[in-house]
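The next block holds one structure in the form of C-alpha cells; read it before the comments.
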Amino acid sequence: MTETPRRDARQLRKLNFDLSNYFSNTIIPQLFVDADLILRIFTPPAMKQFSLTYDHVGKSISDIKDNLRYPHVVEDIEAVIDNTNKFLEKEVQTTDGRWFQMNIVPYIEHEEDVINGVIITFVDITKRLKALRELEKLNSQYETLKYALSHDIRQPISTITLIADGLLLAHQKNDSMQFVKWIKTLKESSKTLDTMVEDFTSGKVDENGESSEEMALNIEDICHNILTALKGEIKEKKIRVITDLKVAEIIFPRNSLRSVFYNLIYNAVKFSDPRKNSKIKISTEEVKGFVILRVQDNGLGIPIKDQRRVFKKSSRLSENIQGTGMGLYVVKRMIEDNEGKIKLESEEGEGATFSVFFKK
C-alpha cells in the first residue's frame with residue numbers, strides 16, 4: 001500500500017473523528033441529514049430536546065419528524081438541498097411551548113461541488129422572545145400611562161384656573177370669607193394633583209420585568225377622591241351621586257385604577273342631560289371570579305352606531321363637548337393590559353352603563 005492512500009485514510013478517519021467529537025460536545029441541538037433524507041448524526045442536546053435515540057440514526061427524517069414537533073421540516077430540508085445557495089432560517093415552536101430559531105444550511109462536498117445533505121441547528125430563543133414581549137408590554141404601558149396622565153391632569157389644572165378667577169373676584173369684592181373658601185378649595189385641588197402625579201410616577205418594575213406596583217386598593221377611598229376632585233362640576237350640574245360598593249378592595253396598579261375611575265365618572269358628569277334630574281350610580285360586586293365596577297348614568301346616552309368607536313384612539317362623539325377623545329381608549333388599554341374587559345350598554349337619550357370586569 002502506497003503512502004498516499006494511507007495518508008488519505010488517516011485524514012478521513014481524523015475528519016470523521018473530528019466531526020463526531022464536535023457533535024458529541026456542542027451544547028446546541030444539531031442534526032446532520034444526508035441528501036437521501038437519512039438522519040446520520042445528532043448532538044446530545046438534540047437527544048434531550050427532541051427525544052431522539054441512537055436507534056433513530058439511519059432512519060428517514062420523514063419517519064421521525066414528529067419528534068422535532070415541526071411539521072414542515074422535510075419540505076424545508078428538500079428546499080435547501082434543491083438550491084445550493086439557499087440558507088433557511090425560521091422561528092419554530094415546539095409542543096412544550098419553547099421557541100427555537102431553526103437554521104438549515106447545505107452540507108456541500110466542495111471537491112465534487114454537490115450537496116450531500118444539510119446541517120440543522122436549533123437555537124433556543126424562548127427567553128429572548130419573552131424579554132421582547134415584556135419590553136413591548138412595558139412600552140405599551142408607558143404609552144397608556146402617558147396618555148392617561150396628559151388626559152387626567154387637565155381637570156385639576158382647569159379647576160385651579162377657576163379657583164384663580166374666584167380668588168381674584170373675592171379680592172376685588174374684599175370678601176374675606178369667600179377668599180378663605182377659595183384658598184381651602186385650592187389646597188384640596190393641589191393635593192389631588194400631587195396625589196395624581198405621585199400615583200403615575202410610583203410604578204416600578206422588578207428584575208423579571210413584572211410590574212411591582214399592583215396592590216390591594218381601597219375602592220371607596222379612590223372613589224371618594226375622584227368625587228372630591230369633580231365636586232365643582234357635580235354641584236354645578238346638580239347631579240345626585242349614589243354609591244353601592246359591595247366589594248371594598250381590588251388588586252390593581254394604583255395609577256391605572258384611579259384613571260379608570262376618573263374617566264368613567266368624569267364622562268358620566270360631562271355627558272349628563274341638563275333637561276333631567278341627573279343621577280350617577282357607582283357600584284361594585286363580585287361575579288364568577290371578577291370584580292365588576294359599574295358606572296351608570298341617565299345622561300345623553302350613546303347612539304348604537306357610535307358605540308364601537310368610543311374606545312378608539314382620539315375618537316370624539318361630539319364637537320360641542322370638550323375633550324380629547326383619549327379617555328375611554330386609555331381605560332380600555334389599562335383594563336385589557338391587566339387581563340380585564342370593559343362593556344358598554346347604552347341607548348341614545350337614556351343614559352349609559354359602563355361595566356369593568358377586573359380579574360380577581
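Couple of notes before you dig in:
- Peptide ranges 233-241, 262-270, 69-77, 117-125 listed from the most packed, as the mean C-beta count within 10 angstrom indicates: 262-270, 117-125, 69-77, 233-241
- Mean accessible surface per residue for segment 154-197, computed with a 1.4 Å probe while every protein chain stays in place, in Å²: 72
- Where 109, 286 fall by accessible area, highest first, once all protein chains stay in place (1.4 Å): 286, 109
- Extension reserve of the residue 231-residue 175 stretch, reckoned as 0.36 nm per residue once the Cα distance is removed: 17.9 nm
- Net lengthening on full extension, residue 59/residue 91 (0.36 nm per residue, minus Cα-Cα): 9.0 nm
- With R₀ set to 56 Å, the beta-carbon distance separating residue 72 from residue 246 gives a calculated FRET efficiency near 0.55.
- Ranking 255, 278, 243 by Cα position along the charge dipole of segment 221-310, where only Lys, Arg, Asp and Glu carry charges on their C-beta atoms, puts 278 farthest toward the positive end.
- Spacing of the two label points (7 Å from each Cα toward its C-beta) at residue 109 and residue 309, in nm: 6.8
- Estimated FRET transfer efficiency when R0 is 25 angstrom, pair residue 344-residue 224 (beta carbons, to 0.05): 0.50
- Centre-to-centre separation between the Cα atoms of segment 344-359 and those of segment 31-72: 57 Å.
- Gained length - residue 79 relative to residue 186, 0.36 nm times residue gap less alpha-carbon distance: 31.2 nm
- Cβ-defined net charge surrounding residue 238, 13 Å radius [Lys, Arg +1; Asp, Glu -1]: +4
The values are calculated or read from the model by the stated rules, or taken from the named source; none is laboratory data. Here the structure is a predicted model, which means the values were calculated and not measured. Glycine also receives a Cβ, built like all others from the backbone with ideal geometry; neighbour counts cover every protein chain displayed. Remember, those area values only see protein heavy atoms, side chains included, never the ligands or the DNA or RNA. Shrake-Rupley method; radii C 1.70, N 1.55, O 1.52, S 1.80 Å.
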